[in-house]
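Single-structure report; data block below.
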Amino acid sequence: MAGPAVSPSEDSYRKGLALLERRNYKDAILLFRNAIDQERVEGVKTPKMKFVSFLGLALTYQQGRSEEGAKLCEQAVKRDFLDPDLFCNLGIVYLRNRQKARAFEAFQKGLNLEAGHQRIREELERFDRREQPVFAFLPRTHPVNRLVGRLRHRLRNLFSGTAASEA
């Protein structure tokens, strides 16, 4: 027994999500744009904001920092402010654009809508793994802290790789 029929726009969106998960950003972008275009053909005046948001996320993943991706995600949460997935996407885009305060604000708004949102929790956990700055009296972003922190990271990787090969 077949399930309910899926619209062509929803089908493109779902295929875009699958490609996004496989990190095939270029084709995901095409499918998200197709989903938006297909909705117009279906007679929808404004596209679903999840289509717009995931297009913005895919653009950001493909391009690194993406002003267009951020604008699309911001537009999506302004129009549909009750979907935690959209706030998650916006937070990820802000992190990619090195706007950490805005990212955490977006993540918090998403968690306010759905406290157990798995993707938001994973993003926050990934970011919280950072260590304390080497020199606590300097800001984390200070060039000395950044340089010595990178050196500390490389040395740990070097020595952990040596210890693993000796075991």
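Listing for the model above:
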quantity: Residue match in segment 5-17 (condition: under 19 Å from LEU72 (Cα atoms), among the aliphatic types (A, V, I, L, M) and in contact with an Asp or Glu (Cβ under 8 Å, 6 or more places away or on another chain)); calculated: no
quantity: Pick from segment 126-159, criterion closer than 21 Å to PHE107 by Cβ and of a type in the set (Lys, Arg), ranking: nearest to the chain's Cα centre (by Cα); calculated: ARG126
quantity: Residues within segment 1-25 that are part of a helix (DSSP H, G or I) and surrounded by 11 or more Cβ atoms within 10 Å (Cβ to Cβ), tallied; calculated: 14
quantity: Helices (runs of 4 or more DSSP H) wholly inside segment 69-146 containing at least 1 residues that are in contact with a helix residue (DSSP H, G or I) (Cβ under 9 Å, 6 or more places away or on another chain) and surrounded by fewer than 16 Cβ atoms within 10 Å (Cβ to Cβ); calculated: 100-113, 118-128
quantity: Selection status of LYS109, farther than 21 Å from ARG126 by Cα, over 12 Å from the mean Cα position of the chain (by Cα) and charged (D, E, K, R); calculated: no
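Rule-based calculations on the coordinates, nothing more; no lab input. Source: prediction; values computed, not measured. When we count neighbours, we look across all protein chains shown, and the Cβ atoms used for this are built from the backbone with ideal geometry, even at glycine.
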